[in-house]
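One structure is given below, encoded as structure tokens.
The values are calculated or read from the model by the stated rules, or taken from the named source; none is laboratory data. For clarity, every value in this text was computed on a predicted model and none was experimentally measured. Note: ideal-geometry Cβ built from the backbone for every residue, glycine included; neighbour counts use all protein chains shown.
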Amino acid sequence: MDNVFQYLKGDRVIWVITLLMMMFSLVTVYSFVPILVKVEGGTPFKYLFKHLIYVAIGLGVMYWVHRKDPRYVSLLSKFGFYLAVATLLFTIFFTDPVNNASRWVKIPFVGLTFQASDFARLALIVYVSRILVKKKNVLSDWREGFLPVVVPIVIVCGLIVKDNFSTAGIIFGVSLALMFVGRVPFSRIAALVVAGIAALSLIVLVHKAAPELKLLPRYETWENRLFNHVDNDDDVIENAQVANAQLAIYEGGPLLGRGPGKGKLKGFIPEAYADFYYASFVEEFGLISAVGIILLYMILLYRIMRIGLNSKDLFETYVCLGIGMLILSQATVNMLVCTGIFPVTGQNMPLLAMGGSAMMMTCVSLGIVQGIARKQDKEKNTNLDNGKPILESE
């Protein structure tokens, strides 16, 4: 194991959790794809192989990113933000919608797809972190400090919300948390929240008055999910997926579940391998493993926060806090949807669920965190060596 960690620098706990989850995801994805086989055809091995490719790419990207100096992440943050906006615009205007949502970009020649919002949320967190540091002395000024932070948030969330309300909401919430940590005056944050609610309400009213404009093509879906969630008894058909997810959790039993590959309801739960991953997992692996997953995410969050708070660079602190909150938010929403606490929405389990672009961008995020941890270790080693730098092969 020590020989492996000669190459994997940074926080060992994060490496172990990441490798453990991604290897375990191979087992669960193979087990949870029967519904996908029914709908799209193929065999479980086909989807397992595809997921294996994403896992390999994700680990490779994470390793490559963690070897780079974090200052390059800051320098490239502006370019990343513009690239994210361009990708979102391309997705909206030049891709074919699926279920009234334009989210995926097909990668030529390889047959894989990429979800633009997965890249956009990381790019926004990094860019907002840089702006918060750059404008830290003028954040109370509306024009010089506040607007430069808010405008990128509004642009990205505005481009995403039409097709993916939950992702836009998570990004907006994490951005607000970063602004609070970055000491943006609370009155400014409150004003942004009020303005966001007012803008969304206005758009909804315009959509209802002129639905032919298709400002919110998925509004009816949002409305059905919200009201069906409030009154399940009157909407049994529409909430069948939620009912099956809750039944799968119940059938999982108090301890060990049905066993790997023996789940019965995964064949009736849409997105059992992604949006309803937690329900399928509990059915097959039981309560003990379900609690174990929660603990792993909490440990992962703690280690990321610890790295960020130990950094002497504010940018690195903000980036780590943002990445930690983003990963935990996605996992939390997936669990709350599966247990019936939240309305149905499309958030998968980071590092576990099947999803190429989501997994790769999570690996990039963790690679950035590990790059920061690696930098801290190098500085610590330098101090222990009485100020003489310890050379490390690249």
Scanning the range 134-165 for residues that are surrounded by fewer than 16 Cβ atoms within 10 Å (Cβ to Cβ) and among the hydrophobic types (A, V, I, L, M, F, W, C), which turns out modelled with the lowest pLDDT? W142
Restricting attention to the range 339-359, does a residue exist that is farther than 29 Å from S31 by Cβ and of a type in the set (A, V, I, L, M, F, W, C)? no
I'd like to know if the range 23-30 contains one or more residues that are within 30 Å of C320 (Cα to Cα), hydroxyl-bearing (S, T, Y) and under 22 Å from the mean Cα position of the chain (by Cα). yes
Enumeration of residues in the range 170-201 that are in a helix (DSSP H, G or I) and either among the charged types (D, E, K, R) or crowded, with 18+ Cβ neighbours inside 10 Å (or both): I170, I171, F172, V174, S175, L178, M179, R188, L192, G196
Hey, can you tell me all the residues within the range 300-323 that are aliphatic (A, V, I, L, M) and over 18 Å from C363 (Cβ atoms)? M305, L309, L314, L321
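A quick yes/no check of all residues on (1) farther than 24 Å from I368 by Cα; (2) assigned to a helix (DSSP H, G or I); (3) of a type in the set (K, R); (4) at pLDDT 90 or above:
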| site | (1), (2), (3), (4) |
| --- | --- |
| A84 | no, yes, no, yes |
| D96 | yes, no, no, no |
| S117 | no, yes, no, no |
| V128 | no, yes, no, yes |
Out of everything in the range 202-211 that is part of a helix (DSSP H, G or I) and among the hydrophobic types (A, V, I, L, M, F, W, C), what residue ends up being surrounded by the fewest Cβ atoms within 10 Å (Cβ to Cβ)? A209
Just checking, how many residues over the range 3-27 are hydroxyl-bearing (S, T, Y) and modelled with pLDDT under 90? 1
Take the range 17-29 and flag every residue that is in contact (Cβ under 8 Å) with a residue 40 or more places away in the chain and either exposed (fewer than 14 other Cβ atoms within 10 Å of the Cβ) or within 21 Å of R258 (Cα to Cα) (or both). L20, M21, F24, S25, V27, T28, V29
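Condition check ((1) at pLDDT below 85; (2) surrounded by fewer than 17 Cβ atoms within 10 Å (Cβ to Cβ); (3) under 19 Å from M359 (Cα atoms); (4) β-branched (V, I, T)) across all residues:
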residue: T43; (1), (2), (3), (4): yes, yes, no, yes
residue: Y54; (1), (2), (3), (4): no, no, yes, no
residue: G60; (1), (2), (3), (4): no, yes, yes, no
residue: Y63; (1), (2), (3), (4): no, yes, yes, no
residue: S74; (1), (2), (3), (4): no, no, no, no
residue: T87; (1), (2), (3), (4): no, no, yes, yes
Boolean, I294 is without any contact (Cβ under 8 Å) to a residue 60 or more places away in the chain, closer than 16 Å to C363 by Cβ, β-branched (V, I, T) and part of a helix (DSSP H, G or I): no
Of everything in the range 285-317, what is under 24 Å from V149 (Cβ atoms) and of a type outside the set (A, V, I, L, M, F, W, C)? Give them in sequence order. G308, S311, K312, D313, E316, T317
Could you look through the range 313-352, keep only residues that are in a loop (DSSP other than H, G, I, E, B) and modelled with pLDDT of 90 or more, and pick out the one that is farthest from the chain's Cα centre (by Cα)? D313
